[in-house]
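Here's the structure, in structure tokens; my notes come after.
The values are calculated or read from the model by the stated rules, or taken from the named source; none is laboratory data. The shown structure was predicted, so the numbers you read here are calculated from the model rather than taken from an experiment. Positions of Cβ are generated from backbone atoms using ideal geometry, with glycine treated the same way; all protein chains shown enter the neighbour counts. To get the accessible areas, we keep the full protein, side chains included, count just its heavy atoms, and leave off ligands, DNA and RNA. Shrake-Rupley method; radii C 1.70, N 1.55, O 1.52, S 1.80 Å.
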Amino acid sequence: MRMYIQAATSPKDVVILLDVSGSMKGLRLTIARQTVSSLLDTLGDDDFFNIIAKTRAPQIDCGEVPIIVLRDPYNEELHYVEPCLNGSLVQADSNNKDHFRQRLEHLLAKGIGMLDVALTEAFELLNNFNQTGRGSVCSQAIMLVTDGAVETYDAVFDVYNWPDRKVRVFPYLIGRESGFAQNLKWMACANKGYFSQISTLADVQENVMKYLHVLSRPKVIDQEHDMIWTEAYFDNTRSQALKLEDAHGPLLMTTVAMPVFSTRNETRNKGILLGVVGTDVPVSEILKSIPKYKLGIHGYAFAITNNGYILTHPDLQPLYEVGKRKRRRRRRNYNSVDLSEVEWEDQEDQLRNAMVNRETGSFSMKVKKTVDKGKRVLALHNDYYYTDIKGTPFSLAVALSRGYGKYFFSGNISVDEGLHDLEHPDVALAHDWVYCSTEEEHPDHHVLSQIEAIKLFLKGESHIKCDGELIEQVLFDAVVSAPLEAYWTSLTLNKSENSDKGVEVSFLGTRSGVSRFNLFVMPDQLTN
């Protein structure tokens with residue numbers, strides 16, 4: 001649903017007015033809460049919102065969560081559901097929406113509704129926030145969730161919304177009675193909105209979604225085929241369907257989509273949205289243009305959204321293991337982790353702000369990185385190079401550690417010589433590197449190991465696609481490091497040279513991902 005909403009509408013600023021007067025008790029309040037919750041579901045990271053209600057509650061510190069009275073302690077007065085955010089709008093990310101849902105449970109139906117005061121507050125809030133330049137600066141809307149309106153409040157609209165009608169008004173009538181329906185319908189029509197009546201909980205979802213078609217009309221009439229990209233999300237099935245080499249379980253994906261409009265002359269001016277077309281893209285595919293072997297030791301690439309949320313980063317841990325069987329579960333709000341939470345050394349947010357603003361440049365800072373599953377900490381000096389990814393809301397960056405990767409060995413190695421040394425049992429390749437693409441065309445190739453794929457590639461197998469430059473380095477490193485095998489074997493046989501030195505394992509790693517290792521003791525004799 002999120003993809004459909006983002007593609008069909010522009011970013012929007014929304015104020016939700018929730019009627020919690022005495023007549024909203026019981027089932028009506030339950031339906032109203034669900035309506036507001038469903039409205040929150042339609043908002044994305046590019047949207048801003050706030051919720052204004054009317055109820056009585058004690059004045060308590062912001063950190064304690066209950067509701068606070070803004071003007072004086074009478075039921076007729078206006079209250080922001082979250083007191084710490086009164087007079088402003090907040091970004092509609094997952095954390096904020098979940099917080100407001102919790103606050104909705106504290107609302108009680110009591111007192112008399114003051115809709116004119118609420119509408120005035122909503123218009124002033126939208127106008128003031130728009131002038132700050134922080135909002136969506138596109139669509140603005142007021143969602144009115146109530147069980148009735150005693151008048152049309154045209155005096156308020158005349159002051160704040162007419163004749164331009166920049167703010168659309170969407171009334172939701174809660175309950176089966178329709179005595180006040182005409183007033184609410186008039187308010188919707190006079191302010192370019194849409195009226196809906198919600199009688200039961202089963203009606204909520206269908207009726208809430210109707211406002212999206214109204215907000216999509218400007219894009220349809222102007223024929224704006226803007227492409228949108230979603231934030232990262234997990235897909236449990238696509239990893240198997242795509243047969244990706246690095247897909248072990250749920251796969252991080254993003255979706256690119258665009259709206260489809262009716263182009264018939266007789267309907268074009270009516271702004272009819274036919275639907276949305278889109279496709280899923282594995283996040284790993286975005287990083288394929290930056291092979292890991294070119295980044296050097298401790299180097300890495302990452303990408304963020306235009307809101308500063310991580311699309312992919314080596315320190316992002318969206319899954320965690322639970323139970324004896326090590327079941328993998330998703331972390332809560334894994335797709336709304338800000339870059340500042342992992343690149344925490346960037347205290348002034350210089351790197352984050354530059355990437356959010358889609359700038360191209362470089363940045364340097366000292367960092368601390370953990371290795372060996374957090375057992376050791378390294379102090380590094382990283383250089384960051386960043387730019388935007390054209391046609392997307394994403395920015396891409398690479399981090400390179402100073403002092404590494406300045407020099408490398410190269411030479412001419414025959415294929416036969418390289419394959420001979422590559423096949424030795426003490427040789428391994430980096431398990432998470434892609435030397436050859438094995439999911440293409442031939443159905444049997446996706447089960448091949450990387451070394452098996454390299455062999456087929458060097459033998460002229462046309463269906464195997466490999467990184468030729470990387471393969472050359474692999475063969476060179478395999479041949480050059482081969483003499484170590486004889487040296488390590490001699491040490492193993494001559495126990496007198498190493499028995500008193502405590503050497504258990506020797507290993508070598510190269511920048512091409514080739515590694516060699518040798519055990520001087522039996523595996524069951526290794527110390528912990």
Check your understanding: Separation between the residue 297 and residue 181 pseudo-spin-labels, each 7 Å from Cα along Cα→Cβ, expressed in nm?
Key -> 7.5 nm
Point to revise | Where 436, 84, 189, 466 fall by accessible area, highest first, once all protein chains stay in place (1.4 Å) | key: 189, 84, 466, 436
Review point. Can you give the convex hull volume per residue for the Cα atoms of the range 1-222, as a whole number of Å³?
Key: 116 Å³
Check your understanding: Rounded to the nearest 0.05, what FRET efficiency do residue 381 and residue 447 have when you use their Cβ-Cβ distance and R0 = 56 Å?
Key -> 0.85
Revision key, fill the gap. The answer for the range 158-230, accessible area per residue at 1.4 Å probe in Å², is 51 Å²
Study note, to complete from the structure: Checked against a 19 Å limit on the C-alpha separation, the offending pairs among 25/110; 192/219; 12/192; 288/368 are 288/368
Check your understanding: Separation between the residue 420 and residue 202 pseudo-spin-labels, each 7 Å from Cα along Cα→Cβ, expressed in nm?
Key -> 7.8 nm
Check your understanding: By per-residue mean of other Cβ atoms within 10 Å, what is the highest-first order of 209-218, 424-433?
Key -> 209-218, 424-433
Practice item. With a 1.4 Å probe and every protein chain kept in, tell me what percent of the accessible surface of the range 1-222 is carbon plus sulfur. Key: 49 percent
**Study point:** Burial ranking of peptide ranges 139-145, 309-315, 96-102 (average Cβ count within 10 Å, highest at the top)
**Key:** 139-145, 309-315, 96-102
Exercise for review: Would you mind calculating the gained length between residue 98 and residue 128 on full extension (0.36 nm times residue separation, minus the Cα-Cα distance), in nm to one decimal?
Suggested key: 8.3 nm
Practice item. Over the range 285-401, with every protein chain in place, what whole percent of the accessible area is carbon and sulfur at 1.4 Å, could you tell me? Key: 47 percent
Check your understanding: Do you know the relative contact order of the range 1-222, to the nearest whole percent, from alpha carbon pairs under 8 angstrom that are 6+ apart?
Key -> 25 percent
Check your understanding: Ignoring ligands, DNA and RNA, what accessible area per residue does the range 285-401 give at 1.4 Å, in Å²?
Key -> 57 Å²
Revision key, fill the gap. Amide H proximity to residue 144 below 5 Å, modelled H, separation 5+ or other chain, gives 17, 170, 172
